[in-house]
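Some notes on the structure that comes next.
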Amino acid sequence: NTDQQITLRIMRGDVKGQQEASEFHVPYAPGMVVLDAIRWVQEHEAPDLAVRWNCKAAHCGSCGAEVNGRPRLLCKTRVDEFQSQPFTVAPMKAFPLIKDLVTDVSWNYEVAKTIPPFKPAHPAPFIMQQEDIERVKEFHKCIECFLCQDTCHVLREHQQFGKYYGPRFMTLIASYEMHPMDVGDRLDLLHGDAGVGMCNVTGCCTEVCPQGIHITANAIIPLKERVADRYYDPLKKWLYNRKKKR
Ligand code: SF4
Ligand code: F3S
Ligand code: FES
């Protein structure tokens, strides 16, 4: 029914103060998403409400926040999912708050700079198989919404930003490492600063990924295996160290 109103609570705050919930009543329109409701609030009730978004099509990855405590894209979350019950929208908890629903995700961009980029074998040594393409294609679907980063307890609860790069960067590293033409080597990084060992495979990151990337099964576990092969298989470790010394 189009005369219906929806009730949403938005957690508001800034770098200095406490966060506080403000309640708003917004006219319902069929098919509306949480971002529509927030934009209505901006237009009619709170012009200074801060929210980050660009595409409204689940492509740009800007509108990541938490709806009823769950990391979601605001533009992909339909309000009818809440069946006329009030719901709460809050900023991502893992990252420092800038204002209202906007957090400072710049740490992620700094991390990205430390990852050695794709390094193609030259000349390309072989013909690629379709399954090799499919394997890395999955990782390329990432829209960098950082919802997986927000979910991972290593970053969210334990704030181990100096020790673990987080699931998003495990998929990025996997996209290079598993590419048949890549000759780069990121296993030392994974074992060291990127901290793949910090992940205890809870799989929560995979559950929230709006792109359906199987982060844990297809990126993290195979990377952990590669690291284990190099550092914990006595023969491979010895061969690797010998090669490194030359
Ligand atoms: Fe977002 Fe998924 Fe990429 Fe993580 S892996 S940043 S959840 S699209
Ligand atoms: Fe974190 Fe995902 Fe591992 S939630 S602990 S990165 S499986
Ligand atoms: Fe682009 Fe939501 S606004 S992903």
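The set of residues in the range 194-246 being open to solvent by less than 90 Å² (accessible area, probe 1.4 Å), in contact (Cβ under 8 Å) with a residue 60 or more places away in the chain and in a loop (DSSP other than H, G, I, E, B) consists of A194, C209, P210, Q211, G212, I213.
The rows are residues; the columns are (1) open to solvent by 10 Å² or more (accessible area, probe 1.4 Å); (2) over 22 Å from C148 (Cβ atoms); (3) within 16 Å of ligand 3 (Cβ to nearest atom).
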| site | (1), (2), (3) |
| --- | --- |
| E43 | yes, yes, no |
| C60 | yes, no, yes |
| G69 | yes, no, no |
| L74 | no, no, yes |
| D80 | yes, yes, no |
| L97 | yes, no, no |
| T103 | no, no, yes |
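Of all residues in the range 12-58, those satisfying the criterion of being under 22 Å from K93 (Cβ atoms), touching a residue at least 40 places away in the same chain (Cβ under 8 Å) and in a loop (DSSP other than H, G, I, E, B) are G13, V15, Q19, L49, A50, V51, R52, A58. Here I115 passes the criteria (1) away from ligand 1 (no atom under 12 Å from the Cβ); (2) assigned to a loop (DSSP other than H, G, I, E, B); (3) open to solvent by 20 Å² or more (accessible area, probe 1.4 Å); (4) in contact (Cβ under 8 Å) with a residue 12 or more places away in the chain except the one numbered (3).
Within the range 159-186, the set of residues being of a type in the set (A, V, I, L, M), in a helix (DSSP H, G or I) and open to solvent by less than 20 Å² (accessible area, probe 1.4 Å) comprises M170, I173, A174.
All conditions but one from (1) part of a loop (DSSP other than H, G, I, E, B); (2) within 14 Å of ligand 2 (Cβ to nearest atom); (3) more than 25 Å from G184 (Cα to Cα) apply to C145; the one that does not is (2).
Would you confirm whether or not the range 79-95 contains a residue that is part of a loop (DSSP other than H, G, I, E, B), over 26 Å from A194 (Cα atoms), away from ligand 1 (no atom under 14 Å from the Cβ) and touching a helix residue (DSSP H, G or I) at 6+ places or on another chain (Cβ under 8 Å)? No; the residues of the range 79-95 include none that is part of a loop (DSSP other than H, G, I, E, B), over 26 Å from A194 (Cα atoms), away from ligand 1 (no atom under 14 Å from the Cβ) and touching a helix residue (DSSP H, G or I) at 6+ places or on another chain (Cβ under 8 Å). Just the residues that are of a type outside the set (D, E) and within 16 Å of ligand 2 (Cβ to nearest atom), please, taken from the range 16-71. Once the filter is applied, which keeps residues that are of a type outside the set (D, E) and within 16 Å of ligand 2 (Cβ to nearest atom), the range 16-71 yields G64, G69, R70, P71. Residues of the range 126-156 that are more than 14 Å from ligand 1 (Cβ to nearest atom) and open to solvent by 40 Å² or more (accessible area, probe 1.4 Å): F126, I127, M128, Q129, Q130, E131, I133, E134, R135, H153.
Filtered by the rule that a residue be out of contact with any Ser or Thr (no Cβ under 7 Å at 6 or more places or on another chain) and either open to solvent by 60 Å² or more (accessible area, probe 1.4 Å) or of a type in the set (S, T, N, Q) (or both), the range 15-24 gives V15, K16, Q18, Q19, E20, S22.
The values are calculated or read from the model by the stated rules, or taken from the named source; none is laboratory data. Just so we're clear, the structure is a prediction, and the values are computed from it rather than from any experiment. Please note: Cβ atoms are built from the backbone with ideal geometry, for glycine as well, and neighbour counts cover all protein chains shown. Side chains included, ligands, DNA and RNA excluded: accessible areas come from the protein's heavy atoms. Shrake-Rupley method; radii C 1.70, N 1.55, O 1.52, S 1.80 Å.
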